[in-house]
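For reference, the structure discussed in these notes is given below.
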Amino acid sequence: MIFHPKSKEGCSVVKVLTAILVISGLFLLWIGPGGAAEKAPQEIIDFVQGNLVKWGEDPVIVAAVKAQNEKGTTLEEIKALDEQWMATPGIADFMKPVLENECTQHLLTLQESAPYFAEIFVTDNQGALVAATNKTSDYWQGDEAKFTECYKDGEGELYFGDVEFDESTQSYLVQVSVPVKEEDKTIGVIVIGIDVDAFLNQ
């Protein structure tokens, strides 16, 4: 059916469409061109500050990070492994030292302690993986805020990412980063993916 723009019905349709366009425009102006990023809920921030910070001093995690740092792997070697990691589907043998070590088994125990922990991984002082409960999309995290904003050149600081939809788990996750500490020095980073809905509805 076609409405003439000057008819009664046509005018009504035009008014409705105009209203929709105006509202849509205002909505886009409000959220910005890329959409408004949702920040980590305060409940999760409080939980991390009160409970997960101590994971950064866990003896198993500290020992694993310290051991990898002492290997003296160069950044060039790390980036080469990162390219191989990203180009390899599934889990290859060269990934198993990261995905099947003692620290990873410990992380799995921590992950299984609550239903809202979706993933946990640990990096060394360059952002290279030390241990991970799931295969990550890349091996080197050193160029990402989850590492750089937490490691802070050895100063260490909690970091909270934005809430994002995770395709693999079909849920909304927020990644939080906790400094791994040896005495007062940050030697690595723990990244914990928290299922926001599971956490808030527990």
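The values are calculated or read from the model by the stated rules, or taken from the named source; none is laboratory data. Note that the structure is a prediction, hence the values are computed from the model and not measured. Cβ: placed from backbone, ideal geometry, glycine included. Neighbour counts: every protein chain shown.
Quick notes on this structure:
- Exactly one residue out of D138, D153, D166, D162 is out of contact with any strand residue (DSSP E or B) (no Cβ under 8 Å at 6 or more places or on another chain) and either under 15 Å from D195 (Cα atoms) or free of Cβ contacts under 8 Å to residues at least 40 places away in the same chain (or both), and it is D153.
Okay, residues lined up against (1) at pLDDT 95 or above; (2) loosely packed, with under 10 Cβ neighbours inside 10 Å; (3) not hydrophobic (A, V, I, L, M, F, W, C):
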site	(1), (2), (3)
S24	no, no, yes
G35	no, yes, yes
E57	yes, no, yes
A63	yes, no, no
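- Here the stretch 71-117 is the region considered, the condition is being touching a Leu at 6+ places or on another chain (Cβ under 8 Å) and part of a helix (DSSP H, G or I), and the residue that is farthest from D58 (Cα to Cα) is F94.
- Candidates in the stretch 146-163 are the residues that are surrounded by 14 or more Cβ atoms within 10 Å (Cβ to Cβ) and within 11 Å of the chain's Cα centre (by Cα); of these, the one that is nearest to A64 (Cα to Cα) is F147.
- All of (1) in contact (Cβ under 8 Å) with a residue 24 or more places away in the chain; (2) over 20 Å from T186 (Cα atoms); (3) surrounded by fewer than 17 Cβ atoms within 10 Å (Cβ to Cβ) hold for T133 with one exception: (3).
- Filter result for K181 (closer than 21 Å to K71 by Cα, assigned by TED's automatic domain parsing to the domain that holds A80, of a type in the set (K, R) and surrounded by 16 or more Cβ atoms within 10 Å (Cβ to Cβ)): yes
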